[in-house]
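Here the structure comes first, spelled out in structure tokens, and everything after it is commentary.
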Amino acid sequence: MAREEGRWRASAPAGTLSAVETPDLHPPRPIGLASWLGGGSVIIVLVAVAAMALTCAIVLHRLVQQQALVRVQLAVTSARELLHRSGEDALTDSRRLAQDATLQRLLDEHADEQIPPLLLRFCEAQRYDVCAVRRPSQVLSAGAAAPAIPWLEVATANREQGERFMLAPHDGSAPLFGAAVTLPDQSGDQVILLHTASPAWLGTLGPQVGAQLQLVNFVTYHALASNPFTVLHTQALTSGHVAASRLSGEDSYGATVAVATTGGEVIALLDARLAAAEFASTAAAFDRILILIALLVAAGAGVAGVFYGRWLAQPVVALRDVALRIGRGDLTAAVPAVAPLEVGALASSMEEMRRNLIELTGTLRRREAEAQALLKGIVEGVFAVDSERRIRYVNPQTLVHLGRTESEIIGHFCGDVLQPQAVDGVRPCEHACPILQARGAGQSSARETLCLNDGRRRTAIIVSSAPVGGIQVQVMRDETDLEAARRARDSVLGNISHEFRTPLAAQLASIELLRDGLDKLPIESQRELLTNVERGVLRLMRLIDNLLESVRIESGQVDIRHQTVELPDIAHEAADLMAPLLAQRGLVLVLDVDHLVNPVKGDAQRLIQVLVNLLSNAAKFAPPSSRISIGGRTLEKSIEFWVEDAGPGVDAASRMAIFERFKRAEGAEPDAPGLGLGLWIVKSIVERHHGTVRFERIDEARTRFTVGLPRDLSA
């Protein structure tokens, strides 16, 4: 409670300090107004610069778009002129080829087989797709596209358009541009040169106009909604001029123009595509310049506004810094003397308040240190609740007892945190809460069983005091370990009494029978009675040895000798020691230790004790007349030996508990003798040999306890 009170008292002055900046203490109006003016000027400059930059960016983007449209229109117009020029060039080359003397000689000699190679060389040299000589009876042609040329349509186009012609084949293939010249020998033969508007040829024209070109055969043209050029095609055909726009769904600009013959017949649609990235980069560069200028102007205005505001608000800023330092606990900060008069009066009040805080904080810290030392030094848990029984404070011991963090406890109802065990279905919080009882009686206590979140149950004595200032303190003393020690003591004493009483009663009965029939019983019966007495004495000796051994192990007095030990000898000696007990229950012991050929370093007597305890444990639970076996194997770095029996084994929940002190398996036969020390002693001895012991169920429903020891690799 002292800690909480200290926190509250220390925080109260801090809350008072915050009032320095409120309007209640003569607010410095000129300084506040100057701050608003400085900040307002900065905001206005920023808004103006941002508006100008945005306007310039919008205008620029529109100009860039207009430039892109002009560029793509110019490209498609230039490409159309190149197509017309290709026809004129074809006409010039056709006339030159028609004047070729070699060609005229071959025609005169009717050497038709030699004409195609001549035409092919001319095509390759002048970069024509097809070169041909058309005679009245046949066409001699050369070139990669020669077989696909519709010569009848070529003849029709030549006849209708003259020497220079354009053609859109009806089969939908690429349009043709060329020229045909009649030879001067009056034979009617013609020289024909053709360009096919293939993507490769258009690809050579594209760099010249600065755009990507495409020529669409108008004869087989179909307007597709998915084609971004469909709208431009319609506009170009309708207006007869170039149509251009930004292509929908693509980051590019497009333009279309109709390609027509001299007679006005449209044979193709010429498309030009121009990527928008180039124009976007130009706009982006200008945007960066605008942003940079805007940032520079804004930065300049911001810096000027900051300096202006600081110059105006410097006295108040100094007082604010001092107030913040005082609020953080730094009471060494002296309040400076400032002007004007109102701010100076505020500074004097703050200085007086600082001196009072120094004195008050020193007193509170001394009291809090004393309370903390007291609360942390006691072993009991201490917690405080408010009027609604919500926890407001806990000491570290309470957190340890409950296994929770402070954030999981503070502010929660104490019954939900402690979780006392219900009695007849009702929690003690409802009818027997010591907190409520202490409010009327002044003090109250109760013993409760707390159910923790991890499943543990803790027994605690809770003492509650009367409330003071709405806060009520409880002291919680954990008695779980004390209760467990009491139960363990009673259980051990009960087991020891039972284990000693049973063999003593059997020995007493055998002694009484031997005394009463000493002169009457035959010698065999007397020997059997003496044997029973001997077995009882041996059993008591083993119990006493196990008890003494457990005490020595617990006190650290067990010393392990390191000598060379042959495990087969250990197994035979343990078998001899346990022979009477095994014979009593008709158990058969089988030794299979031929594989244990490697020695180990250890204590022979302790290892014999390990095997004797394992055999004794097997004899308790193995069915009468069953088989118990000792076996083993040699591994690379260790040697394992085990004891098997046909007992029922141990359930999964008890496999680790059976190796604990005074612990027996859940569901073990109540008449099975033992204190729960044998396997604990086995585990302790094996671990002192740097080995391991484990339990497992193997095939044929048998139980096996396996001991693993390090090999003596130096042997």
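Only the coordinates and a few stated rules stand behind these numbers; no lab work does. Values in this document were obtained by computation on a predicted structure and should not be read as measured data. Every residue, glycine among them, receives a Cβ derived from its backbone with ideal geometry; neighbour counts consider all protein chains shown.
Quote to one decimal, in nm, the extra length available between Thr234 and Arg688 on full extension: 0.36 nm per residue of separation minus the C-alpha distance between them.
Working: separation 454, 0.36 × 454 = 163.44 nm, distance 9.80 nm.
The Thr234-Arg688 span can extend by a further 153.6 nm.
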Where Rh is the Kirkwood radius over Cα pairs, Rg/Rh for the range 209-259: 0.93
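For the range 376-422, run through the GluC sites (Glu not before Pro) and keep only the ones in DSSP coil with at most 16 other Cβ atoms within 10 Å of their Cβ. Show your work: numbers first, answer last.
Details: sites: Glu380, Glu388, Glu406, Glu408; in loops: Glu380, Glu388.
Here the GluC sites (Glu not before Pro) that fit, given the DSSP loop and packing criteria, are Glu388.
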Kirkwood-type radius of the range 233-340, with distances r between different C-alpha atoms, in Å: 20.8
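So if I place +1 on the C-beta of Lys and Arg and -1 on the C-beta of Asp and Glu, and nothing else carries charge, what would the dipole magnitude of the range 400-486 be about its Cα centre? I want it in debye, nearest 20.
Details: 9 positive and 11 negative charges, 33 e Å.
The dipole magnitude comes to about 160 debye.
Pull out the extension gain between Ala275 and Leu296, defined as 0.36 nm times the separation in residues minus the alpha carbon to alpha carbon distance; nm, one decimal. Could the numbers behind the result be given before it?
Numbers: separation 21, 0.36 × 21 = 7.56 nm, distance 3.29 nm.
Length difference between fully extended and current span is 4.3 nm.
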Distance (nanometres) between label positions extended 7 Å along Cα→Cβ at Lys520 and Ala422: 6.6
Order of Thr459, Thr196 - criterion: other Cβ atoms within 10 Å of each residue's Cβ, fewest first: Thr459, Thr196
Debye log10 I(q)/I(0) for the range 240-288, one point scatterer per Cα, at q = 0.16, 0.18, 0.29 Å⁻¹: -0.58, -0.66, -1.02
Amide H within-cut-off set for Arg711, under 5 Å, with H built and near neighbours excluded: Ser638, Ile639
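Counting Lys and Arg as +1 and Asp and Glu as -1, each charge on the Cβ, what is the dipole of the range 62-275 about the Cα centre in debye, to the nearest 20?
Details: 15 positive and 21 negative charges, 157 e Å.
In debye, rounded to 20, the range 62-275 gives about 760.
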Around Leu513: net Lys/Arg minus Asp/Glu count, Cβ-Cβ under 12 Å: -1
Difference of contour (0.36 nm per residue) and Cα-Cα distance, Arg246 to Asp386: 43.0 nm
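State the volume of the convex hull built on the alpha-carbon positions of the range 62-275, expressed per residue in Å³ and rounded to an integer.
Values: hull volume 24.7 nm³, N = 214.
In the range 62-275, the Cα convex hull volume per residue is 115 Å³.
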Hydrodynamic radius (Kirkwood) for the range 378-475, which is based on Cα pairs only, to one decimal in Å: 13.4
Derived scalar couplings ³J(HN,Hα) [the range 457-469; Karplus, 6.51 cos²θ - 1.76 cosθ + 1.60; whole Hz; x for Gly, Pro]: 10, 10, 9, 9, 9, 10, 10, 10, 9, 6, x, 10, x
Least to most buried among Glu687, Glu636 (fewest other Cβ within 10 Å first): Glu636, Glu687
Selected from Ser226, Val259, Gln104, residue furthest toward positive end of dipole (the range 62-275; charges at beta carbon): Ser226
Ascending count of other beta-carbon atoms within 10 Å, so fewest first, for Tyr253, Tyr221: Tyr221, Tyr253
Cβ-Cβ FRET estimate between Arg95 and Glu265, R0 fixed at 25 Å, reported to 0.05: 0.50
